[in-house]
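This report concerns only the one structure given below.
Just so it is clear, none of the values below were taken in a lab; they were calculated from the coordinates. Bear in mind the structure is a predicted one, so any value in this text is a computation, not a measurement. A quick note on method: Cβ atoms are made from the backbone with ideal geometry, for glycine too, and the neighbour counts reach across all protein chains shown.
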Amino acid sequence: MTTPAQDAPLVFPSVAFRPIRLLAISAIITAMAIAAAGFAGHLMVGVFFGVGLLLGLLNALLVRRSVASITAKEHPLKSSMAINSATRLAIITVIGLIIAYIFRPAGLGVVFGLALFQVVLVLSTALPVWKKLRAGDGAEPVSAHTPEGTAKGNSDDD
């Protein structure tokens, strides 16, 4: 008998997540946004854009922390990860929208900063992995096996 999908253990490959690099990229993008917004006469849009990038970085750091804590459990469940993700995204979104509403119209920069950060995050994690796979280094498949060599949650003996 196989384990239902919602009860199956989580298996996460190692990810090329580098928060310091993301912080540096965000700082550079923020500086460019502030310069461009200042040149256009809307300096605060650039500042709020940087706030959105920082909120995105905060979200990414919270993702890493929650993945580490949930997968450290003996039997991590996908449902706990989904609930954690939904709650975290709701909070970050509400914070961004509150800032955008209170400081409108310049506060809308927060929403654009959050959106751009997601693109930067995907590119900064996917490109190094893609390059490594294309080079043939470490192209081993991610395994759902325990160190003893038996599949977790896929045993027909259950």
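Worth pointing out:
- Picking from residues in the stretch 76-94 that are buried (at least 16 other Cβ atoms within 10 Å of the Cβ) and of a type in the set (A, V, I, L, M), the one that is nearest to Leu55 (Cα to Cα) is Ile92.
- Helices (runs of 4 or more DSSP H) (entirely within the stretch 8-110) containing at least 1 residues that are without any contact (Cβ under 8 Å) to a residue 12 or more places away in the chain and under 21 Å from Ala126 (Cα atoms): 19-39, 43-71
- Listed conditions (1) over 19 Å from Ala31 (Cβ atoms); (2) in contact with a Phe, Trp or Tyr (Cβ under 8 Å, 6 or more places away or on another chain) are all met by Leu57, apart from (1).
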